[in-house]
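K.L.:
Here's a structure for you.
The values are calculated or read from the model by the stated rules, or taken from the named source; none is laboratory data. Nothing here was measured: the structure is a model prediction, and the numbers come from that model. Neighbour counts are summed over all protein chains in view; Cβ atoms, including those assigned to glycine, are modelled from backbone coordinates with ideal geometry. Protein only, heavy atoms only, side chains kept; ligands, DNA and RNA dropped before computing areas. Shrake-Rupley method; radii C 1.70, N 1.55, O 1.52, S 1.80 Å.
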Amino acid sequence: MPLGEKAGFEKSQSRYCGVETEFNDDIPQLLNFNLSTGSFDFVVAPLMNPTYRPSLLEKDGVLPFAASDLVLSPSQWSSHVVGKLSSWIDLDSEDEALRIDSETTLKQEIAWANHLSVQACILPPPKGASCANYARCVNQILQGLNNMQLWLRIPLVKTDDDAMDANSTSFIDSWELWNSFRLLCEHHGQLSIALDILSSLPSVNSLGRWFGETVAAAIINTDSFLTNGRGYPCLSKRHQKLITGFFNHSIQIVISGKPAHSIPRPSSDLAANNFDNNGESPQRHPLRPYLDYVGFLFQRMDPLPEQERFELGYRDFLQSPLQPLMDNLEAQTYETFERDSMKYIQYQRAISKALLDRVPDDKASATTVLMVVGAGRGPLVRASLQAAEETGRKLKIYAVEKNPNAVVTLHSLVKLEGWEDIVTIISCDMRFWDAPEKADILVSELLGSFGDNELSPECLDGAQRFLKQDGISIPSSYTSFIQPLTAAKLYNDVKSHKDLVHFETAYVVKMHNIARLTPSQPVFTFTHPDYSTKKSNQRYKRLQFEIPSDTGSAMVHGFAGYFDAELYKDVHLGIEPSIATPNMFSWFAIFFPLRTPVCVKSGSPLEVHFWRCCGSSKVWYEWCVASPNASAIHNSNGRSYWVGL
């Protein structure tokens, strides 16, 4: 691979670079030159002679395709050729003859590409702001397409507000062009984007939108390259950062255009070594220096950290949240959570601080009663005992666990470690246990990705009765957060189920191909212990977000949910991006999808409503958008998704 094997990147990760070519009816020679001589991975090649017009073809004439399907094997067509549709196609032209020819040609070329088993075809960009007929034709084709992807070519352009002429009525944002087209095609999962990267780039916020869209390829024209001190092509710092972002999001790179740099000739010694046995200089691909530079950018990327490599398989994979009260966790789930050392380091720090505050040095010999509620297989019991040893305090621990399978492991652990005189194991649901004495400290790890979504409030309300009036709860409080997202892949995955239930379910996701459009905002907060007389775990919050003006318009496919917990005083634990606990993997974010994505114009507020609802046997969330366009209220009465009590 020209971009090199890279530690921490799996095969599905982007490390391929293609080249855009002119029409050539000798496809094997085209492939040989660009792949063998040029070391590119694939070609973006026209499949039809560009002079062809259906209205000029004689009756029963043979279509002027580039080559027979037999000149390459099916695997070569599939792996090394991306079809490029004729650039003259204009299905929204005022010229009826051109419009009819365009539709005929589009269908013929895609049918041929489908026959060849190429994995993708690049559609020419829409010729104007109106592209309804073009989209209609493409949408018709998509309905009958097998596995082939269609990449709509879109130039990466956005005019800044302050760069516009005061009298100008035109505001160019190519995202708007893409958005119109994909709305007309009903967000079809096989329609993606091939972004044309130009010499000037929009703002960072504007670029960020594209990482949540279905961008399959980035086409970099040679005109976009600068020249370094040695005469070789290079890219600006902003372009470099953008390309690195494309690598991280598995977006393929394509080099396009003619050589724009006069590469220095090699020295005589080096040149002598490059002659072949016949004394002839070997042919060098004119675009090879551009490929070498892209390869250099890839090679200098930092390898993925171990945690990121571990999480690769979970990227953008929708998982149903746990039902910890209804279901007993399996050993594998416990093992995954127990490997998260950072979480237990934070718990140990919180317990140590609580013990020092609770028991002064002159009373260090006094015994503190600590209850671990939801003890699982014992990691919090271990963290508590380590905190006691660290602070020189004495503990009496009750380990309360409802899962009988985990209780078996707990008994083995206590016996193995010799904790029989310190730890008492209680096999019972914490809500129904009658404690023989009250606790000084109550420790739990009942938090979900959204804080309260695994029923921590309900569980701790039930356990609070056996905490002393001045007792300490760890965690002492937790807050949920939401953040609007562009997340086309997640939306398409939910949409593929073709039912209401999946659009009204919150999913745990290792989010990757997303664009976070604004900073997150807090939603619900719970504090423990809570001795208020009118206590209710129902919550309602109205939130208003504003997308930065330089972003431009953006599509909101749903919301990311996070939490941040105060374990004790200044010791916190959480996944909210701006304050997330580093090197922790027990929780991925949660995703609340929207049945109909909402397009938010630059400067327009996005008003969102969230409810936490409680019934006799379940807890559920409802959510909706009220502005700029009202959505349906999702998951009314918990009809699709709930957490069982």
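K.L.:
Using helices alone, I'd like the mean residue ellipticity at 222 nm for the chain: each DSSP H run of four-plus residues gives -39500 (n - 2.57), total over residue count, nearest 500.
P.N.:
-8000 deg cm²/dmol
K.L.:
Tell me, Kirkwood radius of the stretch 331-445 from alpha-carbon pair distances, in Å? Display every interim value, and only then the final one.
P.N.:
On the way: mean 1/r = 0.0696 Å⁻¹.
Answer for the stretch 331-445: a Kirkwood hydrodynamic radius of 14.4 Å.
K.L.:
Would you mind checking the pairs Lys343/Lys569; Lys158/Lys601; Lys343/Lys468; Lys158/Lys510; Lys489/Lys618 and listing those with alpha carbons more than 20 angstrom apart?
P.N.:
Working: Lys343/Lys569 16 Å; Lys158/Lys601 14 Å; Lys343/Lys468 26 Å; Lys158/Lys510 30 Å; Lys489/Lys618 30 Å.
Distance filter (> 20 Å) returns Lys343/Lys468; Lys158/Lys510; Lys489/Lys618.
K.L.:
Along the Cα-to-Cβ line of Phe296, 7 Å from the Cα, sits a label point; which residues in the stretch 226-249 have backbone N less than 16 Å from it?
P.N.:
Backbone N within reach: 226-241, 243-244.
K.L.:
Same structure again: Estimate the FRET efficiency between Asp550 and Leu63 by the formula 1/(1 + (r/R0)^6), using the beta-carbon distance for r and 56 Å for R0, to the nearest 0.05. Intermediate values should be presented prior to the final figure.
P.N.:
Numbers: r = 47 Å, r/R0 = 0.84.
It comes to 0.75.
K.L.:
Can you send over the carbon and sulfur percentage of the accessible area for the stretch 477-644, probe radius 1.4 Å, protein chains only? List each step's numbers first, then the result.
P.N.:
Working: 3210 of 6360 Å².
Here carbon and sulfur together make up 51 percent of the probe-accessible area.
K.L.:
Within the chain, what's the longest stretch lacking GluC sites (Glu not before Pro) that sit in DSSP loops with no more than 14 other Cβ atoms inside 10 Å?
P.N.:
Looking at the chain, 438-645 is the longest stretch - no exposed GluC sites (Glu not before Pro) with at most 14 other Cβ atoms within 10 Å.
K.L.:
Could you tell me which chymotrypsin sites (Phe, Trp or Tyr not before Pro) in the stretch 408-511 are loop residues by DSSP with no more than 15 other beta carbons within 10 angstrom of their beta carbon?
P.N.:
Passing sites in the stretch 408-511 are Phe432.
K.L.:
Among the lysines in the stretch 350-421, how many pairs, 8 or more places apart or on different chains, have alpha carbons under 23 Å apart? Provide the component values of the computation, followed by the final result.
P.N.:
Working: Lys353/Lys363; Lys353/Lys394; Lys353/Lys396; Lys363/Lys394; Lys363/Lys396; Lys394/Lys415; Lys396/Lys415; Lys402/Lys415.
Number of lysine pairs found: 8.
K.L.:
Here's another thing I want to ask about it. Kindly provide the trypsin sites (Lys or Arg not before Pro) of the stretch 499-601 that DSSP labels as loop, not H, G, I, E or B, and whose Cβ sees at most 13 other Cβ atoms within 10 Å. Intermediate results must be reported in sequence, preceding the final value.
P.N.:
Values: sites: Lys510, Arg516, Lys534, Lys535, Arg539, Lys541, Arg542, Lys569, Arg595, Lys601; in loops: Lys534, Lys535, Lys569, Lys601.
Hits after loop and neighbour filter: Lys534, Lys535, Lys569, Lys601.
K.L.:
Run a plain Debye calculation on the stretch 503-553 (Cα atoms as equal point scatterers, no solvent) and give log10 I(q)/I(0) at q = 0.24 Å⁻¹, rounded to two decimals, same order as the q list.
P.N.:
With one equal scatterer per Cα and no solvent, log10 I(q)/I(0) is -1.15.
K.L.:
How many Å² of accessible area per residue for the chain, probe 1.4 Å? Each step should come with its number before you reach the end.
P.N.:
On the way: 28600 Å² over 645 residues.
Value for the chain: 44 Å² per residue.
K.L.:
Report D for the chain in µm² per second (integer): Stokes-Einstein, Kirkwood Rh on Cα pairs, 37 °C, 0.692 mPa s. Show your work: numbers first, answer last.
P.N.:
Values: Rh = 28.4 Å.
In µm²/s, the coefficient is 116.
K.L.:
Also: Only bridges whose two residues both fall in the chain count here: according to DSSP, what percent of them are antiparallel, nearest 5? Walk me through the intermediate numbers first.
P.N.:
Numbers: 55 of 108 bridges.
Close to 50 percent.
K.L.:
Computing the accessible area with a 1.4 Å probe over protein heavy atoms, can you report the carbon and sulfur percentage for the stretch 331-445?
P.N.:
On the way: 2630 of 5330 Å².
Answer for the stretch 331-445 is 49 percent, counting heavy atoms of protein chains only.
K.L.:
Also, quick follow-up: Along Cα→Cβ, 7 Å out, is where each label goes; now give me the distance between the ones at Arg238 and Arg136 in nm to one decimal.
P.N.:
About 3.9 nm separates the two model spin labels.
K.L.:
Going through the DSSP H helices of the chain, which span 15 Å or more along their own axis at the Cα atoms while scoring at least 0.0 as a mean Kyte-Doolittle hydropathy? Don't skip to the end; give the middle numbers.
P.N.:
Numbers: long enough: 96-116 (30 Å, -0.47); 132-144 (19 Å, -0.12); 174-184 (16 Å, -0.06); 237-248 (17 Å, -0.81); 288-299 (16 Å, 0.11); 341-358 (25 Å, -0.52); 379-391 (18 Å, -0.07); 404-417 (20 Å, 0.61).
Span-like helices here: 288-299, 404-417.
K.L.:
Another question, then. Please report the antiparallel percentage of DSSP beta bridges with both residues in the stretch 167-252, rounded to the nearest 5. Kindly include the intermediate steps, with their values, before the conclusion.
P.N.:
On the way: 2 of 8 bridges.
Given both bridge residues lie in the stretch 167-252, the antiparallel proportion sits at roughly 25 percent.
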